[in-house]
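To start, the structure under review is shown below, and the notes come after it.
The values are calculated or read from the model by the stated rules, or taken from the named source; none is laboratory data. No experiment lies behind these values; they were computed from the predicted model shown. For neighbour counting, all protein chains shown are included, and Cβ atoms are generated from backbone atoms with ideal geometry for every residue, glycine included.
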């Protein structure tokens, strides 16, 4: 294990774009999701702020947000690329420490644990460059670093390809000439309860975080309650779940309880039961289509800073109606597409586990 201090070079090269308005500056930013990105909305020459000049393969991080992943490796190579002077910018001594190898270490649990330990007792996160220099890392020789980076990049290519498919995929259901309000099929509706949740308890509780935009359940992070629940508060197979409040993009997430669960649902969700004329699985797919996502964005209203759709507003939504046999045919076809997506999701999860295994071996924590 070695301290980073002997392998990093701090960048102190600052400019004021306002003094050189004729130059075409490229302003960079750092996102916990995308890493370093090109911020095309900011015109640096319009401010009197100082910016760091950033080179390719330099790191940039926000000292006050590094605990939420605000650190990235710059892969851009534009002329005059800069980032706000509020960031810390540094490079590696590449003959001994490969930037991509260090970037992999920054994504490890060990780094987050170290950052959080430095924040203990502080009023606000302020991860100084001296703190970074003091971090101890495993440092194999450059050839071994290159092998580790190659192994991780292969898995990241799999993850990135699947994420692209998931972002662009949508179910298609033809429009019907027969439009009917949803409330003509609703036989029961009930808002979820605002109960105290914990990691263990008597009843599992579905939350909006357990549901994605394609109607898939994610049950690996269930919460529980010990409060006694009446029979009507317990979910049944076939119950329809609708996410009624959140950001505009997330209102309308829907799915069907397609597993046995002796549990309940949280306050931001609505549980619906329908007559036999409406297949809840058909409605799940219908509500995941772009036209219904757009519909929910139009009708949801801000409520306490968040968008919201109540039961009456949801019931007034007109849906494309087909006879039950046709609904079943549509569900069967889309179920086959969902199975393919599920296979891809498992492949993505396996790629993530392989990266974790690689990093465990690097840190010497693997079994």
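Residues in the stretch 100-122 include at least one that is modelled with pLDDT under 95, over 27 Å from the mean Cα position of the chain (by Cα), over 30 Å from residue 17 (Cα atoms) and assigned by TED's automatic domain parsing to the domain that holds residue 12. I'm told residue 318 meets every condition in (1) out of contact with any strand residue (DSSP E or B) (no Cβ under 9 Å at 6 or more places or on another chain); (2) touching a residue at least 12 places away in the same chain (Cβ under 8 Å); (3) within 30 Å of residue 185 (Cα to Cα); (4) exposed (fewer than 14 other Cβ atoms within 10 Å of the Cβ) except one. Can you identify the failing condition by its number? Of the numbered conditions (1) out of contact with any strand residue (DSSP E or B) (no Cβ under 9 Å at 6 or more places or on another chain); (2) touching a residue at least 12 places away in the same chain (Cβ under 8 Å); (3) within 30 Å of residue 185 (Cα to Cα); (4) exposed (fewer than 14 other Cβ atoms within 10 Å of the Cβ), the odd one out for residue 318 is (1). The set of residues from the stretch 47-61 being modelled with pLDDT of 95 or more, touching a strand residue (DSSP E or B) at 6+ places or on another chain (Cβ under 8 Å) and part of a loop (DSSP other than H, G, I, E, B) comprises 54, 55, 57, 58. Please verify whether the stretch 176-195 includes one or more residues that are out of contact with any strand residue (DSSP E or B) (no Cβ under 9 Å at 6 or more places or on another chain), assigned by TED's automatic domain parsing to the domain that holds residue 311, free of Cβ contacts under 8 Å to residues at least 60 places away in the same chain and not in a loop (DSSP other than H, G, I, E, B). Yes, some residue in the stretch 176-195 is out of contact with any strand residue (DSSP E or B) (no Cβ under 9 Å at 6 or more places or on another chain), assigned by TED's automatic domain parsing to the domain that holds residue 311, free of Cβ contacts under 8 Å to residues at least 60 places away in the same chain and not in a loop (DSSP other than H, G, I, E, B).
Of 310, 243, which residue is outside the structural domain of residue 150 (by TED's automatic domain parsing), surrounded by fewer than 20 Cβ atoms within 10 Å (Cβ to Cβ), touching a residue at least 24 places away in the same chain (Cβ under 8 Å) and under 30 Å from residue 230 (Cβ atoms)? Talk me through it step by step, then tell me what you get.
Values: 243 fails: surrounded by fewer than 20 Cβ atoms within 10 Å (Cβ to Cβ).
Step by step, each of 310, 243 is checked, and only 310 is outside the structural domain of residue 150 (by TED's automatic domain parsing), surrounded by fewer than 20 Cβ atoms within 10 Å (Cβ to Cβ), touching a residue at least 24 places away in the same chain (Cβ under 8 Å) and under 30 Å from residue 230 (Cβ atoms).
Residues in the stretch 224-252 that are outside any loop (DSSP other than H, G, I, E, B) and out of contact with any helix residue (DSSP H, G or I) (no Cβ under 8 Å at 6 or more places or on another chain) were compared, and the one that is nearest to residue 194 (Cα to Cα) is 225. With respect to the conditions (1) surrounded by 11 or more Cβ atoms within 10 Å (Cβ to Cβ); (2) farther than 30 Å from residue 93 by Cα; (3) without any contact (Cβ under 8 Å) to a residue 60 or more places away in the chain, residue 163 lacks only one, and its number is (3).
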